[in-house]
1. Just to be sure I understand the filter: pairs with C-beta atoms under 9 Å, separated by 6 or more residues or on different chains, first member in segment B:94-106 and at the interface with another protein chain (Cβ under 9 Å from one of its Cβ atoms), second member hydroxyl-bearing (Ser, Thr, Tyr) and not in a helix (DSSP H, G or I). Which pairs pass?
2. Examine segment A:34-52 for a residue that is surrounded by 15 or more Cβ atoms within 10 Å (Cβ to Cβ) and within 28 Å of A:HIS163 (Cα to Cα), and state whether such a residue exists.
3. Provide a single number: the residues in segment B:75-85 that are within 12 Å of chain A (Cβ to nearest Cβ) and either under 21 Å from A:PRO58 (Cβ atoms) or touching a Leu at 6+ places or on another chain (Cβ under 8 Å) (or both).
4. Looking only at segment A:53-64, how many residues end up being at the interface with chain B (Cβ under 9 Å from one of its Cβ atoms) and surrounded by fewer than 16 Cβ atoms within 10 Å (Cβ to Cβ)?
5. Do we find that B:ILE67 is among the β-branched types (Val, Ile, Thr) and away from chain A (no Cβ under 14 Å) in this structure?
6. Kindly provide the set of residues from segment B:154-165 that are at pLDDT below 95 and surrounded by 15 or more Cβ atoms within 10 Å (Cβ to Cβ), ordered by number.
7. A:GLN88: surrounded by fewer than 18 Cβ atoms within 10 Å (Cβ to Cβ), facing another protein chain (nearest Cβ under 9 Å) and more than 18 Å from A:THR70 (Cβ to Cβ), yes or no?
8. Which of the helices (runs of 4 or more DSSP H) contained wholly in segment A:166-236 include at least 1 residues that are at pLDDT 95 or above and over 19 Å from A:PHE134 (Cβ atoms)?
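The values are calculated or read from the model by the stated rules, or taken from the named source; none is laboratory data. All figures in this text were calculated on a predicted structure; none of them were measured in a lab. So basically every Cβ, Gly included, is an ideal-geometry build from the backbone, and we count neighbours across all protein chains shown.
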Number of protein chains: 2
Amino acid sequence: MRYELYYWTGIQGRGEFVRLALEDAGADYIDVARKRGDSAMMPFLRGKYDGALPFAPPFLKAGKLVIAQTATILAYLGPHLGLVPGGQAAEIYAQQLQQTIADIVVEAHDTHHPISSSQYYEQQRAAAKKRATFFRDERIPKYLDYFESVIERGNGRQALSRHSYVDLSLFQLISGLDYAFPNAMRRMQKRIPRLRALAERIAERPNIAAYLQSPRRIAFNEDGIFRHYPALDPKN
Amino acid sequence: MRYELYYWTGIQGRGEFVRLALEDAGADYIDVARKRGDSAMMPFLRGKYDGALPFAPPFLKAGKLVIAQTATILAYLGPHLGLVPGGQAAEIYAQQLQQTIADIVVEAHDTHHPISSSQYYEQQRAAAKKRATFFRDERIPKYLDYFESVIERGNGRQALSRHSYVDLSLFQLISGLDYAFPNAMRRMQKRIPRLRALAERIAERPNIAAYLQSPRRIAFNEDGIFRHYPALDPKN
């Protein structure tokens with residue numbers, strides 16, 4: 001099946017979690033907005049398409065199905081792309097982990113937009129600085145300690161009993177945090193050996209390595225979720 | 001099967017979305033922390049239980065399965081409790097809608113905790129007032145217009161083709177917003193006739209009506225997600 005991915009052009013954003021799964025599996029897909037512009041998403045968002053109504057991108061069209069919400073898209077794709085171990089328990093656990101990744105992604109976003117996503121970062125710098133402090137000092141450690149434990153309980157190298165979309169998403173999470181909060185992540189370095197090893201192995205997977213070198217991988221930037229603002233990541 | 005629900009005592013919080021599904025279906029369940037105290041959750045959160053590792057409550061024990069994240073719990077319970085229409089498309093759409101409800105729940109929480117959930121509201125009042133303004137003026141309308149459209153595209157009365165856990169969660173969302181933002185919700189009144197009618201019908205379902213009258217329903221309060229602070233919901 002040729003999947004159609006719909007997501008904003010110009011940023012990795014939440015679409016990247018889906019893109020990594022499609023790329024890793026070598027799936028046949030079109031990144032529709034990058035071919036035809038962001039306006040290609042509008043009929044779906046305005047309810048002109050006679051199926052499930054997305055609240056926001058990303059959404060995926062798979063045959064007649066339209067599926068929105070990153071974790072739901074991956075829960076659907078996982079078994080189709082061979083990116084989740086078999087069995088209900090593994091599928092459920094993968095879903096749960098993906099939603100927890102979604103939670104820290106929201107928190108990472110809100111470090112630069114603690115008041116409103118309809119205002120610029122520059123209009124909420126003071127609150128951003130405060131929120132980022134807590135995010136760096138409390139939330140990053142809490143979430144990453146958790147995911148480190150998840151890998152420890154998995155097979156020691158991966159979140160589940162074998163390679164899965166959760167590992168790909170953990171790679172993306174670590175990459176994003178490294179970009180946005182290099183100083184905070186340097187302080188976390190020794191605390192997350194399993195996550196670090198996992199992220200390195202994911203980057204070396206042939207399809208992922210090829211993707212990361214390709215023009216299909218948009219660079220991190222200050223329009224996305226993971227933004228590097230030095231004021232939000234001081235040296236000490 | 002006797003389900004075991006684990007959630008903090010003293011607040012409705014995210015556990016309430018699960019509780020409403022269990023109550024509506026007349027399922028056999030124990031609200032473990034309310035019987036044995038919050039400490040009953042610790043072995044699971046500390047990884048002493050040999051299964052999926054929850055990041056935070058709520059989590060559900062169903063036989064040997066431990067399932068965390070509200071939307072994942074409901075995706076699991078839906079078919080078991082008869083609370084989702086049959087078929088993959090409906091199950092996926094229900095999941096997507098539940099995750100969108102989870103998103104607005106985070107945003108509702110962050111109106112009173114825009115900087116950090118480890119500080120008191122009183123320590124972040126100024127930012128809370130700003131964030132709440134955007135939440136009332138932009139986010140509540142955006143989300144509720146969306147859910148109104150979802151019902152319109154559903155069967156006109158419900159989100160999906162028949163009664164589902166999504167409807168129960170929409171009832172809880174509306175109830176929470178009414179409690180926290182009565183003035184803002186009064187201004188929304190005419191804009192969401194289908195959501196209003198749905199919430200009323202859910203409240204009248206025999207099992208839900210009995211539950212809401214019972215001591216099992218904890219009252220909304222200022223320790224939970226939906227908090228009523230008059231400063232965050234001015235009259236105009």
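1. That search, which allows pairs on different chains as well, returns B:LEU97/B:SER164.
2. Step one: of segment A:34-52, the residues surrounded by 15 or more Cβ atoms within 10 Å (Cβ to Cβ) are A:34, A:38, A:40-41, A:44-45, A:47, A:49, A:51-52.
After this cut, where a residue has to be within 28 Å of A:HIS163 (Cα to Cα) as well, the list is none.
No: zero hits.
3. Total meeting the criteria: 3.
4. Restricting attention to segment A:53-64, the residues satisfying the condition of being at the interface with chain B (Cβ under 9 Å from one of its Cβ atoms) are A:53-56, A:59, A:64.
Cutting the leftovers down to surrounded by fewer than 16 Cβ atoms within 10 Å (Cβ to Cβ) gives us A:64.
Summing the residues that are at the interface with chain B (Cβ under 9 Å from one of its Cβ atoms) and surrounded by fewer than 16 Cβ atoms within 10 Å (Cβ to Cβ) in segment A:53-64 gives 1.
5. Numbers: among the β-branched types (Val, Ile, Thr): yes; away from chain A (no Cβ under 14 Å): no.
Answer is no for this residue.
6. At the first step, the residues of segment B:154-165 found to be at pLDDT below 95 are B:154-155.
Across segment B:154-165, the qualifying residue is only B:GLY154.
7. Working: surrounded by fewer than 18 Cβ atoms within 10 Å (Cβ to Cβ): yes; facing another protein chain (nearest Cβ under 9 Å): yes; more than 18 Å from A:THR70 (Cβ to Cβ): yes.
So A:GLN88 passes the test.
8. Values: elements: A:182-188, A:193-204, A:206-213.
Answer list for segment A:166-236: A:193-204, A:206-213.
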